[in-house]
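Colleague: Submitted below is the structure of interest, expressed as structure tokens.
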2 protein chains.
Amino acid sequence: MAEFDRDIGLTETAEHTYAADLGPGWVVGGGVNGGYLLATLGHAVRRSAGHPDPLTISAYYLSASRPGPATITTRAVREGRSVSTWAADLAQDGQGRITALATYGDLDLLPDDVGTTASEPDLPPLEECWGMELAPPEFRASAPPLLSRFDLRVDPRTAGWATGRPGGRALIQAWFRLNNGREPDALALLLAVDAMPPTTFELGRPGWAPTLELTVHVRARPAPGWLRLRHETRNLAGGMFEEDCEAWDSAGRLVAQSRQLARQPRETQETQETR
Amino acid sequence: MAEFDRDIGLTETAEHTYAADLGPGWVVGGGVNGGYLLATLGHAVRRSAGHPDPLTISAYYLSASRPGPATITTRAVREGRSVSTWAADLAQDGQGRITALATYGDLDLLPDDVGTTASEPDLPPLEECWGMELAPPEFRASAPPLLSRFDLRVDPRTAGWATGRPGGRALIQAWFRLNNGREPDALALLLAVDAMPPTTFELGRPGWAPTLELTVHVRARPAPGWLRLRHETRNLAGGMFEEDCEAWDSAGRLVAQSRQLARQPRETQETQETR
């Protein structure tokens, strides 16, 4: 079993109630990665709902999660023939970590029209992008566990943050693939869209950027193979910033679009270095 | 009292329970406008929460609303010092219409940094844009009541839909101002981002496009005066499309960003005309 499937694993303890065990491998910044939490929560809704796939899911992050036991409860808001809407909550020791709403359906039953005008990420070939094995030793030594859960090959033009020379544009692009050859599905997309460092890294602010809200639209079932991710911010203002992530599959299809609202990291590269 | 304030008016009938009366003036397509519903729901959360402004709100649309009485219930999910997260539901005759999550705060307490790289909508001057008074009589005769609730001056380059010659690009831009000189605030922004016709109108599909989910980030308190709106779709696929709307205030600030997932209208201009 791939570590992703192991770590989003659930035990049903009562109707619409699931026990999860948040894996220590998904820690980043001040807590457990928000995309992994969303995939775990999304797994619980898949188990409860009569439909397998999140078409849209919106998560509000309440407090930082830590590795260990968590309880997920789900509640049907409206059950329909082709789609159903659910509420779900993830808590640890009785304290709310995430609350979410989601509409589930079956991606295989959507019509097959594609009229997108979005353009694929302008990514160099996989072999020209930077994986962890190329990162400077000092970066690897301090890298969070999360970055070992998948193979992330970052476009060198957007990876200045990894070598202490942030590029100045709030854009990070990368190839993405889960460990163990685990192919992408709708739940893996919930992780993928939150797997990259905050775009603020490229602005010279390497601090943690806590998510307030993250909404993901899953628009098609991803083909096997590498995903390409494009993660960008346009509006950094008022102490917050939005991050839009697109996930494109190996067949050249835009399979997920996400947007999150996060708090800006307080620290800049300079204040961190002079500490 | 401006009609917007009258129509989002609430009577508290029990703790965290409010009676609303959805105005017939907000009808469009198959029901009551989703932005007006969100503003009314957002008003209820403002009344319940210790914070005045939606920083982010995510609504899931369950069934079409109709004019008349509605009940809104709110529930605190997490109350904090600077922000609080709430759940809210709007129902009619016991049937759920919208369920939502929101994080509220006070826009006046946000830091005043502005590092946006987003560019203002490329809109012609107000006097060169098209208001309802310039619309062809046949358009005005069949226009939904919603379009009389505000002054919408559409960029002629994105208004082909109004004259039966859709431009072919999923973009609609306009100046926007509420009736009665009612100045914009955070609740008005919840309406504004859903006030324009679906972008699919410009693709020759004039049908109704029901919203599945709408998330709005309110990023700053808008200055008095006209708003400029930019409403665009990039990914029309699988029977659905996303609509991103930006609202810019008269001071040139990006005050709200929204994204919704909607179902594509089935009907094209041609099928409608040959019916």
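Colleague: From the label point of A:Gly181, set 7 Å along Cα to the beta carbon, how far off in nm is each other copy's matching point, shortest first?
Modeller: Relative to the other copies, A:Gly181 has label-point distances of 7.2 nm.
Colleague: So what is the relative contact order of the stretch A:151-239, in percent, for Cα pairs below 8 Å that sit 6 or more residues apart?
Modeller: It comes to 38 percent, rounded to a whole number.
Colleague: Next question, about the same structure. What do you get when you divide the Cα radius of gyration of the stretch A:13-76 by 2.2 N^0.38 Å, with N the number of residues?
Modeller: This ratio for the stretch A:13-76 stands at 1.13.
Colleague: Quick one: what do you get for chain A if you divide its Cα Rg by 2.2 N^0.38 Å?
Modeller: Working it through for chain A, the quotient is 0.97.
Colleague: With the crude spin-label approximation of a point 7 Å out along Cα→Cβ, what separation in nm comes out for A:Leu134 versus B:Ser82?
Modeller: Output for this residue pair reads 3.8 nm.
Colleague: Over all directions, average the projected area of the Cα convex hull of the stretch A:74-211 and note it in nm².
Modeller: Convex hull of Cα atoms, orientation-averaged projection: 11.8 nm².
Colleague: Can I ask one more? What is the Cα coordinate range of the stretch B:1-118 on the first, second and third principal axes, sorted by size from largest, in whole angstrom?
Modeller: Projected onto its principal axes, the Cα set of the stretch B:1-118 covers 43, 35, 30 Å.
Colleague: For chain B, find the longest principal axis of its Cα atoms and tell me its angle to the long axis of helix B:34-48, 0 to 90°, nearest 10.
Modeller: 10 degrees
Colleague: Calculate I(q)/I(0) for the protein assembly as shown by the Debye formula, one identical point scatterer on each C-alpha and no solvent, and give its log10 at q = 0.05, 0.10, 0.11 Å⁻¹ to two decimals.
Modeller: Evaluating at q = 0.05, 0.10, 0.11 Å⁻¹ gives log10 I(q)/I(0) of -0.19, -0.80, -0.98.
Colleague: Of the listed peptides B:195-206, A:153-164, A:112-123, what is their order by residue-averaged count of other C-beta atoms within 10 Å, with the highest listed first?
Modeller: The packing order, highest mean first, is B:195-206, A:153-164, A:112-123.
No value in this document is a laboratory result; all are computed from the given coordinates. Note that the structure is a prediction, hence the values are computed from the model and not measured. Note: ideal-geometry Cβ built from the backbone for every residue, glycine included; neighbour counts use all protein chains shown.
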